[in-house]
Amino acid sequence: MASSSASPPADNNDDSKSLVRLGVGSFGAVYVINGGPVAYKQVHQPAQAPVLLAEYKTLNKIYEHCKPDSFFDLPRALAYNNPLLEHDVRPIVTSGVISIFPTATNAMDRVHALPLDIRSFIKNHFFLPSVREGPLLCRQYFGKVFPPRSAPPKFVNNENFPLDVHRYELLSSRLPALPRAQDVAAGMGEMLGIMHNLAGVDARDAEFVLGGDGAGGCTIFTIDFNQASQPIWHLVREWSKAVEDVGELVQAFFVNDPYYPRSRPDEPLYEAFEEAYLQQYDAEMMPVGLPFLRAIEQEQAARDERAKCVSVKTTELLP
């Protein structure tokens, strides 16, 4: 079982004294040095190194297929270092910097926290007065609907606060520079198409978050291609890009957190998602992209029908 915090970096040079830990989870911890633009993700246990290396390779592969005008930003995979191995991957970050970490570590572009004014706006609208700070990042949960509340919830995550479409549109009314919800949904379709068709991965743990750009503005990122707190089947993995294996993509689509708009063909957000997704397929691969969309639409319809039946039965049981 992983420890609750990563081993501290080796105190052998000035860089280790200027580290700031941005976050910690069951898999590892994330640091920056001198508040710089590079983030370092260090695993808790040496045995987790292969998972981190797989994440590094996946991130690099997806980045290579993204276009300069892609809607979502994607952190670059800058370096990977495992001090227990003789030969490591250090394409950009110097070995003297990354080697201060005693277990396997990735270096990547930093995802900055939201600007303070946006964090304050979210805190004032969604958090209890006792909460002192707004969230660092916001997850784009366009496949979920949070019920309206007469009072803020008692428990909130002020690191990764979820935004459904209603919450996002309320925030964008305060910040007109934010893209429309429909454009965000299209961006999700574009990125999923890139991951499926161009990078050849199933995207089962991709996350879409709203963060800062480090200069007072906002950027929407695609991040985090592992899920160490879940069983190994939950890790992002390659797929055959054959139509008979589309079921793997459907399973990955629904096992992920509810980022994508629900696959209901008559809803505008899904229409934008669908159009952008198919734009990542050429004529040769379109026979793979279309069956995936039809399959998630069919699965969503089945889920909606089951939910409707449960609702009717519940109503019948009421006095």
Hey, among ALA252, ALA276, ALA272, which residue is farther than 24 Å from ASN60 by Cα and crowded, with 20+ Cβ neighbours inside 10 Å? ALA272
With the structure loaded, tell me whether ASP164 is without any contact (Cβ under 8 Å) to a residue 40 or more places away in the chain and within 24 Å of LEU293 (Cα to Cα) or whether it fails that test. yes
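Go through LEU278, LEU249 for me and flag whichever is under 15 Å from LEU192 (Cβ atoms) and over 18 Å from the mean Cα position of the chain (by Cα). Please lay out each step first, then the result.
On the way: LEU249 fails: over 18 Å from the mean Cα position of the chain (by Cα).
Residue meeting the stated conditions: LEU278.
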(1) at pLDDT below 90; (2) assigned to a helix (DSSP H, G or I) all hold for ASP69 apart from (2)
Of all residues in the stretch 80-105 being out of contact with any Asp or Glu (no Cβ under 7 Å at 6 or more places or on another chain), buried (at least 22 other Cβ atoms within 10 Å of the Cβ) and not in a loop (DSSP other than H, G, I, E, B), the one that is modelled with the highest pLDDT: THR105
I need a count of the residues in the stretch 280-305 that are part of a loop (DSSP other than H, G, I, E, B) and surrounded by 14 or more Cβ atoms within 10 Å (Cβ to Cβ). 3
Pairs where the first residue, in the stretch 95-123, is aromatic (Phe, Trp, Tyr) and the second is part of a helix (DSSP H, G or I), C-beta under 8 Å, 6+ apart: PHE121/LEU171; PHE121/ARG174
Given (1) surrounded by 18 or more Cβ atoms within 10 Å (Cβ to Cβ); (2) in contact with a Phe, Trp or Tyr (Cβ under 9 Å, 6 or more places away or on another chain); (3) not aliphatic (A, V, I, L, M), identify the lone condition not met by PHE27. (2)
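The values are calculated or read from the model by the stated rules, or taken from the named source; none is laboratory data. Every value quoted in this text rests on a predicted model; they were computed, and no experiment measured them. Ideal geometry is used to build each Cβ from the backbone, glycine not excepted, and the neighbour counts take in all protein chains shown.
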